[in-house]
Amino acid sequence: MTTVPSASQWGSPTANRRALLIHGLDSSSHTFHRVASTLATKGYLVIAPNLLGHALRKPGVDFKVQTLADDLLPYLQAAEYDIIIGHSMGALVVLSLLKYLPKTKHTSVVLIDPSLEIAAERMVDWKAKLSDHSRTNLTAEDYMALNPLWTREDAIWRVLGTQIGRSTNSDDHIDGNVPWSFSHLIADKPAAAALTVLIEDLRFNGALKLESVAKFKDIRAVIVPNASHWIQYEFPEVIVEEALRNIEE
């Protein structure tokens, strides 16, 4: 008997359209609460799994992104999805799942600010920053002060995602994926799938660089003005719009 990991669900089980949303590092399925709610109102059954090592789930046999992806295979084996969305490390999980997608079904894939490539020298600083953040125990008020576009609900889900995960998640997943290089997985995209990459405002100097995406001719790259890495909190409507654009085109 095949079992599926823990997940959150929005929408009617009888909906004839499906969306799969995959959260990032030190987060949980409810990071997509606003995106999922909107898609549900548009007739989608939305499934958002919790990754291994997150939301009280035990870690897998290792911390490779491919291991996280393989854990979610029961979802792809049980149903076909019209929309698949991933945020940050969750977007890398989506890339690792591309090879399993149906070859002829039109699937809308949206990657939210994924760190496709991080050089070893920059990884040292990035690891230290994430590790420090996971141990700081910021409150909802702290997150709202640091992120003026977040609602209180956004901040609460962010706190919960951090608190119910493993304290060493960031270190483990960074150390488990050396070198941090995932651009090559784009080649696994089926021809029938449409892929959009959303990028935070370039003024914030995030990990994803436009040139990392621009070199791929069959990918739509969208810079979201005034957005930080957490586009699903700040501009969920952009994510929904881009996901549906791929379906309608």
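The values are calculated or read from the model by the stated rules, or taken from the named source; none is laboratory data. Note that the structure is predicted; figures quoted are calculated from it, not measured. Reconstructed Cβ throughout: ideal geometry from the backbone, glycine too, with neighbour counts over all protein chains shown. Ligands, DNA and RNA are stripped out before the accessible areas are found, and what is left, the full protein with its side chains, is counted by its heavy atoms. Shrake-Rupley method; radii C 1.70, N 1.55, O 1.52, S 1.80 Å.
Data table
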| quantity | calculated |
| --- | --- |
| Amide proton proximity set for VAL110, modelled H, under 5 Å, gap of 5+ | ILE84, ILE85, GLY86, THR196 |
| Per residue accessible area in Å² of the chain, where ligands, DNA and RNA are left out and the probe is 1.4 Å | 45 |
| Proximal aspartates and glutamates to LYS42, defined as alpha-carbon separation beneath 15 angstrom and excluding residues fewer than eight positions away on the same chain | ASP82, GLU237, GLU241, GLU242, GLU248 |
| Cα-based reach from LYS127 at 30 Å (exclusive), listing lysines while leaving out same-chain residues under 8 positions away | LYS58, LYS64, LYS99, LYS189, LYS209, LYS215 |
| Prolate/oblate/rounded label for the chain (Cα gyration tensor, a/c 1.5) | rounded |
| R0 of 30 Å, Cβ-Cβ distance ALA128-SER12: FRET efficiency to nearest 0.05 | 0.10 |
| Along the chain, longest interval not containing exposed trypsin sites (Lys or Arg not before Pro), exposed being DSSP loop plus at most 11 other Cβ atoms within 10 Å | 104-214 |
| Three-way shape label, the range 100-145, alpha-carbon gyration tensor, a/c 1.5 | oblate |
| HN-Hα J in Hz across the range 157-165 - Karplus 6.51, -1.76, 1.60, θ = phi - 60°, x for Gly and Pro | 5, 5, 4, 4, x, 6, 6, 9, x |
| For ILE112, net neighbour charge (Lys/Arg +1, Asp/Glu -1) across residues whose Cβ lies under 10 Å away | -3 |
| Derived scalar couplings ³J(HN,Hα) [the range 65-70; Karplus, 6.51 cos²θ - 1.76 cosθ + 1.60; whole Hz; x for Gly, Pro] | 4, 4, 5, 4, 5, 4 |
| Semi-axis lengths, Å, the range 123-249, gyration tensor of Cα atoms, sqrt of 5 times eigenvalues | 27, 21, 14 |
| Carbon/sulfur fraction of accessible area - the chain, other protein chains in place, 1.4 Å, % | 55 |
